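**Student:** Quick one: the structure is below, questions incoming.
The values are calculated or read from the model by the stated rules, or taken from the named source; none is laboratory data. Fair warning: this is a prediction, and the values are worked out from it, not measured in the lab. All Cβ positions, glycine included, derive from the backbone under ideal geometry; neighbour counts span all protein chains shown.
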Amino acid sequence: MRTRKRNTEEALSSKQNNSDTTRRTFLKLSAAALAVPWLPASKPSQAVEWVTTPQPIFPPSPKTRPWMEELPQVIVPVAHTDALVPPPTIEPNVSAGEAGRDAHQRYEELTGALGAPELYELRVVQNAEWVTHPDLPKQKVWAYRGSNPDATVPATIFAEYGAPVICRIYNDLPPDHVGFGTPEISTHLHNAHTPSESDGFPGDYYSINEAGPTLNRSGPEQGRGTFKDHFYPNIYAGYDELQNGIGDYREALGTLFYHDHTLDYTAPNVYRGLIGFYLLFDHIDSGDERDPRPSALRLPSHPYDYPLAFGDRRFTPLPDGQLFYDQLHAEGVLGDKVVINGKIEPVLRVAARKYRLRLLNSGPSRFYDLYLVNSRNAVQRFTYIANDGNLLPEALFNFTHVRLGVAERADIIVDFSKYPIGTELYLTNRLRQESTRKPKDSKAPGTRVMKFIVDRHPPEQDLSQVPRYLRPLPDMPSPEELESLPVRRWEFDRRNGLWQVNRQLVDVNRPRARVRQGSAEIWEFASTGGGWSHPIHSHFEEGIMLKKLVDGVEVPIPLHERGRKDSFVLDQTMTMVVFFRFRDFKGKYVMHCHNVIHEDHAMMIRWDLEGDEDDNEEPSA
């Protein structure tokens, strides 16, 4: 399909030389297509419809027996490597096959202050032998693979604040790929405080054959390449403001994830499996429950610190039984199966002690309302400690459920020592959803998506803690200062069958906002109605919600949303008022709906972070 798609794009207009415009034009014409109730994954729909775009109806996935697959009891993180060959360079090493990018910002300054970067290597590969469930045939999936073959799925990196990282990401996908998804990549570390050239900007996609329209295209290959070096400084936001060599510890993130962000193809590429975890630790959230430092919270730590990525998927009827996605329709595909770390209805055997479970909704479009229940469906209680990767100011004890829009995360502490050996518990999703536009309602008992079996006593005493106070919030401006800040309003809507921001489609070559480095602003996220939900995500900085309004009436902000967040679930006639700071790096970033089906069709804007010297310059492409 890739060759056919490219030829169709070229045929649309011989006058359009901008590859972003060409790709976008094709999808704009094809997004509303709805030909037949079932389309083979390798054949695009042919019909075009501009105004009405009914939700496509696909056959249900084959039935699968529950609890047939077990997750590894201990995750194995990606190992760092002693050397990268060729060695990393500040400028892109195009002669060695690196894709085009701008030079690493502040590299010598930051590595000089913090030390030489730790080196990692990830390869984006195709695996045609993946077992999602034994009742289904083997699947052709894509994955990030670390340098150590024993690293578990999804690939997870452990990192430390104050210890920079260079992560080299190779694109080893087959360039002649046929089917949904595209063999170009652009990896976004969500929501790291990362310079623009390493952020995974959607227009910065690369492969050996193609380069995105916003890449630095200098050199003989014009931006194309087999790998790209990403510089993750692992500093807190507020580095310049505090002048303390590390930034504001109150701005720390803990549970981050990375995923593909290729323009127009984020949803299908993520659907094929391109996600991973990046866990950041510091002197407070140290990843060591035996840490003797007074500052350390001593939360449950590895191997009792376990990330879980939830994603919705759909499969074709047997005997084919393959992963299915329709990337041309603006409604995408709502999965009727939930995969957790790549497995359907898996089992995790746990020790009778406290665990930290890091829950991620990796998308592409299903929302979750997760309850922990016993075999009789009695609801169990846990402690909610982090939202969107940010430790809350205070732990929320005796919580019963976690609701997650796409890209939202929740860290919870479950004390399995309360249960006798042999106890079976279940994570149950009570949120009903019938379309990719929005969830419906939450209704008991829900669908069991994962089983825990308490099957052993831990080999040593559980010394972990769950203190009441976790991480304080940064200082906020006074009410008078907030009142004086500039306000930008972003309206999220659907028109002519496509998803839009302020009635415009995405253009990655032009910023819709120019933000001053070191400034603060108020951003209003507004849904103008229509009956859909949008998890809104802005790259680079977290925001703090000041107000939430429904039909113009202010409503209380839930306790778990009163900390720092990077994804804001905007429902139907809702408006959110969010405070943002913009610090430390410059360049191009995006803000978009993280229902990545909506993002691909084309609910996203580019915004640029600029310094004083940029006043008279055109934005870089």
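**Student:** In segment 226-242, how many are surrounded by fewer than 20 Cβ atoms within 10 Å (Cβ to Cβ) and in a loop (DSSP other than H, G, I, E, B)?
**Tutor:** Going through segment 226-242 one residue at a time, the tally reaches 1.
**Student:** For Pro307, indicate whether it is more than 30 Å from Pro346 (Cα to Cα) and within 23 Å of the chain's Cα centre (by Cα).
**Tutor:** no
**Student:** Can you tell me how many residues within segment 389-432 are at pLDDT 95 or above, at positive phi and outside any strand (DSSP E or B)?
**Tutor:** Adding up the residues that qualify gives 2.
**Student:** Name every residue in segment 556-571 that is part of a loop (DSSP other than H, G, I, E, B) and of a type in the set (Gly, Ala, Ser), in order of residue number.
**Tutor:** Correct list: Gly563 only.
**Student:** So, of the residues in segment 294-314 that are among the hydroxyl-bearing types (Ser, Thr, Tyr) and in contact with a strand residue (DSSP E or B) (Cβ under 8 Å, 6 or more places away or on another chain), which turns out to be nearest to Ser61 (Cα to Cα)?
**Tutor:** So the residue we want is Tyr306.
**Student:** Which residue out of Pro220, Pro233, Pro174 is in the same structural domain as Ala267 (by TED's automatic domain parsing), within 22 Å of the chain's Cα centre (by Cα) and touching a residue at least 12 places away in the same chain (Cβ under 8 Å)?
**Tutor:** Of the residues listed, the single one that is in the same structural domain as Ala267 (by TED's automatic domain parsing), within 22 Å of the chain's Cα centre (by Cα) and touching a residue at least 12 places away in the same chain (Cβ under 8 Å) is Pro233.
**Student:** Turning to a different aspect of this structure: For segment 17-30, check the following and say yes or no: at least one residue is modelled with pLDDT under 95 and not in a helix (DSSP H, G or I).
**Tutor:** Yes: segment 17-30 contains one or more residues that are modelled with pLDDT under 95 and not in a helix (DSSP H, G or I).
**Student:** For residues in segment 398-423 being over 21 Å from Phe310 (Cα atoms) and β-branched (Val, Ile, Thr), which is farthest from the chain's Cα centre (by Cα)?
**Tutor:** Looking at the filtered set, the residue picked out is Ile421.
**Student:** Sticking with this structure for a sec: Take segment 243-285 and flag every residue that is farther than 26 Å from Glu331 by Cβ and in a strand (DSSP E or B).
**Tutor:** Thr255, Leu256, Tyr258, Gly276, Phe277, Tyr278, Leu279, Leu280, Phe281
**Student:** While we're looking at this one, here's another question. So is Pro149 surrounded by fewer than 19 Cβ atoms within 10 Å (Cβ to Cβ), in a loop (DSSP other than H, G, I, E, B), assigned by TED's automatic domain parsing to the domain that holds Leu189 and on the phi < 0 side of the Ramachandran plot or not?
**Tutor:** Yes.
**Student:** Cβ-Cβ below 8 Å, separation at least six or inter-chain, first residue in segment 496-509 and outside any loop (DSSP other than H, G, I, E, B), second among the polar types (S, T, N, Q): which pairs?
**Tutor:** Taking only residues 6 or more apart or on different chains, not a single pair turns up.
**Student:** Additional query: So which residues in segment 122-139 are over 22 Å from the mean Cα position of the chain (by Cα), surrounded by fewer than 17 Cβ atoms within 10 Å (Cβ to Cβ) and assigned to a strand (DSSP E or B), if there are any at all?
**Tutor:** Ala128, Glu129
**Student:** Oh, and also: Is it the case that segment 526-538 has a residue that's crowded, with 17+ Cβ neighbours inside 10 Å, under 29 Å from Gly238 (Cβ atoms), of a type in the set (Val, Ile, Thr) and touching a residue at least 40 places away in the same chain (Cβ under 8 Å)?
**Tutor:** yes
**Student:** If I filter segment 194-205 for residues that are among the hydrophobic types (A, V, I, L, M, F, W, C), touching a residue at least 24 places away in the same chain (Cβ under 8 Å), in a strand (DSSP E or B) and crowded, with 21+ Cβ neighbours inside 10 Å, do I get at least one hit?
**Tutor:** Checked segment 194-205: no residue is among the hydrophobic types (A, V, I, L, M, F, W, C), touching a residue at least 24 places away in the same chain (Cβ under 8 Å), in a strand (DSSP E or B) and crowded, with 21+ Cβ neighbours inside 10 Å.
**Student:** Give just the number: which of (1) within 30 Å of Pro59 (Cα to Cα); (2) touching a residue at least 24 places away in the same chain (Cβ under 8 Å); (3) of a type outside the set (S, T, N, Q) does Met476 not satisfy?
**Tutor:** (1)
**Student:** Go through segment 54-85 and give me each residue that's over 27 Å from the mean Cα position of the chain (by Cα), modelled with pLDDT under 95 and surrounded by 14 or more Cβ atoms within 10 Å (Cβ to Cβ).
**Tutor:** none
**Student:** Can you spot a residue in segment 544-566 that is hydrophobic (A, V, I, L, M, F, W, C), in contact with a Ser or Thr (Cβ under 8 Å, 6 or more places away or on another chain) and surrounded by fewer than 15 Cβ atoms within 10 Å (Cβ to Cβ)?
**Tutor:** Looking for residues that are hydrophobic (A, V, I, L, M, F, W, C), in contact with a Ser or Thr (Cβ under 8 Å, 6 or more places away or on another chain) and surrounded by fewer than 15 Cβ atoms within 10 Å (Cβ to Cβ), one finds at least one in segment 544-566, hence yes.
**Student:** Any residue at all in segment 317-326 that's crowded, with 23+ Cβ neighbours inside 10 Å, touching a Ser or Thr at 6+ places or on another chain (Cβ under 9 Å) and in a strand (DSSP E or B)?
**Tutor:** The answer is yes, given that some residue of segment 317-326 is crowded, with 23+ Cβ neighbours inside 10 Å, touching a Ser or Thr at 6+ places or on another chain (Cβ under 9 Å) and in a strand (DSSP E or B).
**Student:** Cβ-Cβ under 6 Å, sequence separation 6+ or interchain: first residue in segment 540-555 and in a strand (DSSP E or B), partner of a type in the set (Ser, Thr, Tyr). Which pairs?
**Tutor:** Correct list of pairs: Leu549/Thr575.
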